[in-house]
Each structure stands twice: as C-alpha cells, then as structure tokens.
1. May I ask you to give the average projected area over all directions of the convex hull of the Cα atoms of the range 75-233, in nm² rounded to one decimal?
2. Can you find, among L283, A157, M204, the residue sitting farthest towards the positive end of the charge dipole of the range 149-287, where Lys and Arg contribute +1 and Asp and Glu -1 at Cβ?
3. Please report, for the Cα atoms of the range 131-212, the Rg to one decimal and the Dmax as a whole number; what are they, in angstrom?
4. Taking the alpha-carbon distance from K71 and a cut-off under 25 Å, which lysines remain once sequence neighbours fewer than 8 residues away in the same chain are dropped?
5. Below 13 Å, Cα to Cα, which aspartates and glutamates can K288 reach? Residues fewer than 8 away in the same chain don't count.
6. Using a Gaussian network for the chain with springs between C-alpha atoms less than 10 Å apart, which of these wobbles most: E191, E407, E251?
7. According to the Kirkwood expression over distinct Cα-Cα pairs, how big is the hydrodynamic radius of the chain, in Å?
8. Could you please state, rounded to a whole Å, how far the C-alpha centre of the range 357-422 is from the C-alpha centre of the range 272-337?
Amino acid sequence: MDSIVVRGNGPLKGQIPIAGAKNACLTLMPATLLSEEPLTLTNAPRLSDIKTMSELLGSLGAEVTSLQDGKVLAMSSHDINNHIADYDIVRKMRASNLVLGPMLARLGHAVVSLPGGCAIGARPMDLHIFGLEKLGAEIELKDGYLHAKAPSGLKGAVIELAFASVGATENILMAATLAKGTTVIKNAAREPEIVDLATCLRAMGAQIDGDGTSDITIQGVDRLHGATHPVVTDRIELGTFMLAPAFCGGEVELLGGRLDLVESFVAKLHEAGIDVDETEKGLKVARKNGRVKAVDVTTEPFPGFPTDLQAQFMAMMCTAAGTSVLEEKIFENRFMHAPELIRMGANIEVHGGTATVHGVDKLKGARVMATDLRASVSLILAGLAAEGETIVSRVYHLDRGYERIEEKLGGVGAHIERVQEK
C-alpha cells in the first residue's frame with residue numbers, strides 16, 4: 001500500500017492544470033447506456049474511479065476505450081447483454097448506482113447492487129427509488145440488490161424531491177429522457193455537474209429545460225443519438241489546489257479554473273485574506289503576508305459552500321488567526337480528518353455536525369491516516385505547511401479523485417513523493 005510523504009518548505013509558485021470533473025464524468029459515462037450510438041467524452045480525468053466505472057459498463061456489455069492517455073473516453077452501448085450491476089464492482093464506488101435510471105429507461109429492467117464508496121454517511125437510495133417509481137418503475141430490494149422493472153415503459157411525472165440530492169436528480173433526469181410525456185423534477189440539485197449532464201443529454205437529442213435551477217423539465221423522446229461532449233472543469237480539484245498557496249504562501253495559477261464554479265468558496269477565501277483573480281488562462285491565488293484569518297463555514301448544496309471542500313478548508317483554519325466554526329449539513333460522519341489533524345498539533349473540538357477550530361501558530365509533521373478521499377488531500381495540504389515531515393498512509397482513497405497529485409503539487413515547488421509502505 002502506498003503512502004504520501006510531504007515536507008513543509010515554504011511558498012509555492014507556478015501553474016497547476018485542472019482536470020475534468022470526476023463527479024461529472026462518472027455521471028456522463030452511464031449516459032452511454034441510453035443510446036445505441038457512440039458517446040465520446042473529452043477532458044476526462046485520469047482516476048481510479050473512472051476505471052471502475054469503465055469496468056462496470058464493460059460488465060453490462062458496453063465498450064469503453066481510453067484514448068489520448070486517458071483524456072478521451074470513447075463508449076458504445078449498441079450491445080447491452082447483461083442487466084445486472086454486480087456487487088463486486090458496485091461496492092467500490094457509489095456513483096455505480098447511476099446505471100439504474102438509464103438501464104430502466106432503455107431496457108425496461110435492471111438489477112443493481114446497493115453501492116459503496118467513501119464512508120462519510122448513509123447516503124441512502126430512497127430518493128432514487130422514489131423518483132423512478134413516480135416514473136412507473138417497480139422496484140424491490142432483495143439480497144442487497146435493487147430489482148427494477150418498467151413493464152409498461154416509463155411515463156413522465158411531477159417528482160418533488162424531499163432533499164436536493166445530486167445522485168437522485170441525475171438518475172431521474174437520465175431515465176426521464178426516454179420516458180413518455182413530460183417530467184418535472186422539483187427541488188432538483190443545481191450543481192454544475194447536473195448542468196453538464198443536461199448539456200450532454202441535449203447533444204444526444206434530449207429535450208431538457210431548467211437545469212441549474214430547482215425545477216428541471218424533461219420532454220421524453222423516442223431515442224437518443226451519439227454525441228461528443230467535453231467534461232466540465234473539476235470544481236473540487238480546483239478548490240483544493242487553490243488552497244495550496246493559501247496554506248503555504250506564494251502565488252499559483254490554476255489553468256482552466258472558472259470563478260462561476262467556486263463563487264461561494266472564493267468568497268470565504270477573500271474573507272480569510274486570500275487574493276483570487278481571474279486570468280486569461282484561469283484563476284490566480286496568492287497569499288503574500290501574514291496568517292490567514294479565521295472564517296466560519298457552513299456546507300450547503302450548490303451554490304453554497306461545497307461539502308467536498310470542507311476538510312481541506314478546515315485544515316487551513318488550523319493555523320488561522322482566531323477561532324472558526326465549521327458546520328457540516330450535507331453528510332454526517334464527515335469530520336474523520338479532525339483527529340488526524342489533532343495529531344499534527346491542531347486544536348479542534350467536534351460536537352455532532354459542528355467543529356470548532358482554534359488556530360495555532362504551526363502544525364507539526366506526523367504520521368497520519370487517510371479516512372476518505374477529501375480527508376486524504378486535507379492531510380497532504382496540512383503537511384505542506386507543517387514543520388518537518390508528514391506521512392499520509394492509506395492514500396488509495398486519493399487516487400479515486402485527484403489526478404497525478406504529486407506531479408501537480410511538485411510542479412509548483414512542493415516537496416511531495418509517493419512511497420511504498422513496507
């Protein structure tokens with residue numbers, strides 16, 4: 001098993017290219033199941049989760065070819081010969097459940113294992129099931145699998161979600177493209193990944209309006225055709241790497257960065273005393289003098305502060321001037337990085353969904369353990385600003401969501417390397 005070793009060594013300077021969005025790509029890939037014609041994705045991230053989704057689609061009979069060093073995915077689902085998404089693949093990654101809606105819509109039946117992924121909360125399938133049943137699906141849970149069928153086909157409906165679930169919105173949206181009649185998703189998620197999916201589906205011939213708002217309207221069509229679609233910039237990778245110079249000082253330009261994807265996050269950076277400016281190539285982030293200021297944060301669905309940047313922001317608050325309060329409202333059990341930061345000298349108190357961080361002058365390097373994807377990178381960022389050497393173990397989580405992180409951070413002056421644990 002690999003570990004990441006980082007050593008604090010002062011300000012960073014240079015450019016970091018930002019990859020296509022993991023969460024968008026993992027949603028776009030199952031869309032190939034909606035059509036017999038090819039779907040090609042450009043600007044794809046090179047991550048282990050993408051390989052897992054490719055494996056899952058391949059197990060269903062789809063063809064997935066990786067081109068241009070993994071940056072292009074050419075897919076074809078002309079011969080879907082299996083309707084069972086097996087536990088051995090699905091358990092590795094929660095986004096695997098997104099094959100359910102497309103298979104139901106096109107094939108009329110699907111058997112999908114309950115999903116896995118990071119241990120950051122229950123994240124149940126209730127809203128997915130609720131929405132698909134509103135479209136006319138019959139779904140039964142047996143032996144850890146969802147057995148779904150639509151014997152009379154899917155039919156449009158008004159579906160009001162109790163919570164603006166990203167995954168449920170995506171599953172229902174894909175299924176509704178081939179349903180008969182009109183579907184309206186109320187209290188829909190508004191994340192950029194939803195907009196990216198809708199844009200891709202429209203390129204395939206779907207009729208969708210209102211994506212990016214809380215009400216999405218889909219007029220079902222008889223069939224979808226092939227398309228080529230560029231994956232949107234990864235706003236979480238973008239936000240993570242924006243924090244690197246905020247932690248360490250210096251100035252870094254994030255190539256491909258877009259302000260509209262991270263406005264609420266940037267507002268908190270400004271509040272903390274970090275400069276963020278748009279450039280011709282992306283966004284430039286700088287911290288030139290003094291400690292960052294303590295800032296309170298509450299995670300919210302988009303366009304609010306992203307839960308996927310909470311761990312990284314907490315790590316920065318560990319050495320901020322003053323006391324900050326971070327409230328997690330999206331996922332329970334998402335402060336597992338706090339005990340590891342405390343091992344590095346942080347002063348953090350956790351009570352339920354609230355963490356209070358009292359800033360200290362310096363963190364000190366230590367051996368720490370990654371508990372989930374975003375916790376992994378928060379510990380690496382903390383190590384870059386700490387005194388001495390930090391060893392982050394169990395970084396297999398990291399490869400699910402960050403493309404070539406040692407290369408990207410090393411390119412702006414960070415001391416970071418991957419080593420094989422003995």
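The values are calculated or read from the model by the stated rules, or taken from the named source; none is laboratory data. From a predicted model like this one, the values you see are computed outputs, not experimental measurements. A quick note on method: Cβ atoms are made from the backbone with ideal geometry, for glycine too, and the neighbour counts reach across all protein chains shown. Please note that ligands, DNA and RNA were not included when accessible areas were found on the heavy atoms of the full protein model with its side chains. Shrake-Rupley method; radii C 1.70, N 1.55, O 1.52, S 1.80 Å.
1. Working: hull surface 36.3 nm².
Over all viewing directions, the range 75-233 projects a mean Cα-hull area of 9.1 nm².
2. Farthest towards the positive pole: A157.
3. 12.8, 38
4. K22, K51, K92, K281, K284, K408
5. Partners found: E251, D275.
6. Most flexible of the set in this elastic network: E407.
7. Computed over Cα pairs of the chain, the Kirkwood hydrodynamic radius comes out at 21.9 Å.
8. Value for the Cα centre distance between the two parts: 17 Å.
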